[in-house]
Amino acid sequence: MDEVNDAVVTIALLYPELLGTYGDGGNARVLAHRATVRGIDAEVVAVSASDPLIAADIYLLGGGEDGPQRYACEALRRSDFVRRIDDGAIVLAVCAGLQILGTSFCVEGDDAYAGLAVVDAVTVRGDTRAVGELRVDVGGSLLVGFENHGGRTTVQATPPLGDVVHGVGNDGVVDGFRHHNVIATYAHGPVLALNPWLADDLLSRALGAPLEPHRSVADQLYAQRCRVLGGN
Ligand code: GLN
């Protein structure tokens, strides 16, 4: 744990000017806070689409509207982001961020636009927009958040993040995916503020060690929410 306490966790918030529509920048703040309360230094670096990508322990990709999503995708394509993922970079990708990592996604209507093809995931326009609460069973842990997206995503060969308990997620059945150290979900929130366990999962992966337990108000609210929802 001494080694862990000497570490500095660098959190790269990618393109907040494009992918910040739904408050996903809060995920960076949650990670930094949960590191520092454990005596671990954390640095949040906002990387704009015109900046070169930086070396970071955790990369955050948030949600966005169709146009900005396309610009973000192009900026990432010009960068070495995919190589970093192949090399094991830890990434949380939410909604537009999730779609960008797939093979193609729809923009401004039904036009298919090429994604980064990190996973074999195709996003097409749904008949209705998925707006509301999203709850996902992630291996027995409940992930809570809200969703607001027009896309429906089909993922081949890559395991989903979890099973949809309430809401739509990828397709009404499963949500997100896991690929190497990438976790992708349709849950906004910001999702890490609502799900402290997921924030700690990302941090402990980055540090390569388990974290000391931490019971903040967010943890208590999460526990209360789970109780109200019947333990699921
Ligand atoms: N533009 C995408 C869609 O509507 C992503 C939306 C979002 O990130 N919330 O499907």
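The values are calculated or read from the model by the stated rules, or taken from the named source; none is laboratory data. The structure presented is a predicted model; accordingly, all values stated were derived computationally and were not measured. Cβ atoms come from the backbone with ideal geometry, glycine included; neighbour counts cover every protein chain shown.
Summary table below
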{"quantity": "Within the range 97-111, tally of residues that are away from the ligand (no atom under 11 Å from the Cβ) and in contact (Cβ under 8 Å) with a residue 24 or more places away in the chain", "calculated": "2"}
{"quantity": "Subset tally (residues that are part of a strand (DSSP E or B) and within 12 Å of the chain's Cα centre (by Cα)) for the range 19-49", "calculated": "0"}
{"quantity": "Flag if L76 is touching a helix residue (DSSP H, G or I) at 6+ places or on another chain (Cβ under 6 Å) and surrounded by 14 or more Cβ atoms within 10 Å (Cβ to Cβ)", "calculated": "no"}
{"quantity": "Out of D201, D175, sole residue that is at pLDDT 95 or above and more than 16 Å from the ligand (Cβ to nearest atom)", "calculated": "D201"}
{"quantity": "In the range 65-74, the residues that are touching a Leu at 6+ places or on another chain (Cβ under 8 Å) and of a type in the set (G, A, S)", "calculated": "A72"}
{"quantity": "Hits in the range 150-174 - residues which are part of a strand (DSSP E or B) and either farther than 14 Å from G102 by Cβ or hydrophobic (A, V, I, L, M, F, W, C) (or both)", "calculated": "G150, V155, G162, D163, V164, V165, H166, V174"}
{"quantity": "Residue match in the range 133-149 (condition: at pLDDT below 95, among the charged types (D, E, K, R), in a strand (DSSP E or B) and loosely packed, with under 14 Cβ neighbours inside 10 Å)", "calculated": "no"}
{"quantity": "Every pair of residues 6+ apart whose Cβ atoms lie under 7 Å, when the first sits in the range 41-55 and is under 16 Å from S79 (Cα atoms) while the second is part of a strand (DSSP E or B)", "calculated": "A46/L13; V47/A12; V47/L13; V47/L14; L53/V47; I54/A12; I54/V45; I54/V47"}
{"quantity": "Set A56, A89, A42: member being closer than 15 Å to A184 by Cα and surrounded by fewer than 24 Cβ atoms within 10 Å (Cβ to Cβ)", "calculated": "A89"}
{"quantity": "Leading residue by the ranking (farthest from the ligand (Cβ to nearest atom)) among those in the range 57-96 that are free of Cβ contacts under 8 Å to residues at least 12 places away in the same chain and within 21 Å of T10 (Cα to Cα)", "calculated": "D87"}
